[in-house]
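To keep things clear, I will list the structure first and then write my remarks on it.
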Amino acid sequence: CINAEERVNGIRACSIFPGDIDTELLGKRPVVPDAAARARMMKPEDIADCALLAINLPFRCVVEEMLVRPG
C-alpha cells in the first residue's frame with residue numbers, strides 16, 4: 001500500500017472515485033446528458049472539496065479511498 005510505504009516521507013495517498021461530474025467532457029459521450037441530468041450531477045469543485053478534506057486531516061488520519069456520488 002502506497003500509504004504504508006510513503007508514510008515515513010510524509011506522503012499520504014487517496015483514490016477518489018466520483019460519479020458523474022458536470023464538465024465539458026460530457027459533450028463527448030455518445031448520448032449527451034440533458035440539462036436536467038447535468039443539474040443533478042456533481043460539479044468539479046465538489047470533488048476538489050473532497051480532495052481538500054483528505055489533505056487537511058491530521059497526519060494521523062488516512063483516507064485511502066472515497067466513493068462520491070451525487071445526493
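The values are calculated or read from the model by the stated rules, or taken from the named source; none is laboratory data. Being a predicted model, the structure only gives us computed values, none of them experimental. Quick reminder, even Gly has a Cβ in these numbers, built from the backbone with ideal geometry, and neighbours come from all protein chains shown.
Details
- Residues of region 13-30 satisfying the condition of being polar (S, T, N, Q) and within 9 Å of the chain's Cα centre (by Cα): S15
- When the test is whether a residue is at pLDDT below 95, under 16 Å from E64 (Cα atoms), surrounded by 10 or more Cβ atoms within 10 Å (Cβ to Cβ) and out of contact with any Ser or Thr (no Cβ under 7 Å at 6 or more places or on another chain), R7 passes it.
- Residue within region 19-29 that is assigned to a strand (DSSP E or B), in contact with a strand residue (DSSP E or B) (Cβ under 7 Å, 6 or more places away or on another chain) and surrounded by 14 or more Cβ atoms within 10 Å (Cβ to Cβ) present: yes
- The listed residues are A36, A54, and the only one of them that is surrounded by 11 or more Cβ atoms within 10 Å (Cβ to Cβ), aliphatic (A, V, I, L, M) and part of a helix (DSSP H, G or I) turns out to be A54.
- Which numbered condition A13 misses (of (1) exposed (fewer than 14 other Cβ atoms within 10 Å of the Cβ); (2) modelled with pLDDT of 95 or more): (1)
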